[in-house]
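Read the figures in this text as sums done on the coordinates, not as results from a lab. This structure is a prediction, so every number in the text was calculated from the model and none was measured. Cβ placement follows ideal geometry from the backbone for every residue including glycine, while neighbour counts extend to all protein chains displayed.
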Amino acid sequence: MTLESVLYALADSTRLEIVKKLASGGCGLNCSMAAPADLPKSTQSHHFQVLREAGLIRSERRGTEVVNSLRCTELDKRFPGVIASILKASEKTKKR
């Protein structure tokens, strides 16, 4: 997990929205619940792969679905306050 890969992953608005949903959910969400509804499954898979490779999310297979959760503890330990700051800043930008 590097700061560059985390920032790259969050630079995309779709991935940022996915992370915001996961952060507000408190528990894991399956792919179709976390991703925007209008995205094709192949595009969803790509975005989740980038988030996983950056170390932002953990994916766990449960039966036929994949449940994703934000790696809050690990991220905050490695980069204290960075994810919270990015999410807070994105809310301020959205309100303008």
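The angle between the Cα long axis of helix 13-25 and the longest principal axis of the Cα atoms of the chain comes to about 90 degrees, rounded to the nearest 10. Using only the alpha-carbon atoms, how far is helix 41-54 inclined from the longest principal axis of the chain? Give it as 0 to 90 degrees, nearest 10. Helix 41-54 sits at roughly 40 degrees to that axis.
Mean residue ellipticity, 222 nm, helices only, the chain: the sum of -39500 (n - 2.57) across DSSP H runs of n ≥ 4, divided by residue count and rounded to 500, is -18500 deg cm²/dmol.
Taken along the Cα-to-beta-carbon direction at a fixed 7 Å, the label points for Lys77 and His46 span 3.3 nm. Sorting the Cα pairs of region 44-96 by distance into bins of 10 Å, from 0 upward, gives 22, 40, 31, 6, 0 percent per bin. Percent of C-alpha pairs per 10 Å bin in region 3-91, short distances first: 17, 56, 24, 2. For the chain, the Cβ-based charge dipole about the Cα centre amounts to some 260 debye (Lys, Arg positive; Asp, Glu negative; other atoms uncharged). Using the alpha-carbon atoms, what tilt in degrees (0 to 90, nearest 10) does helix 82-95 show relative to the longest principal axis of the chain? For 82-95 against the chain, the angle is about 90 degrees.
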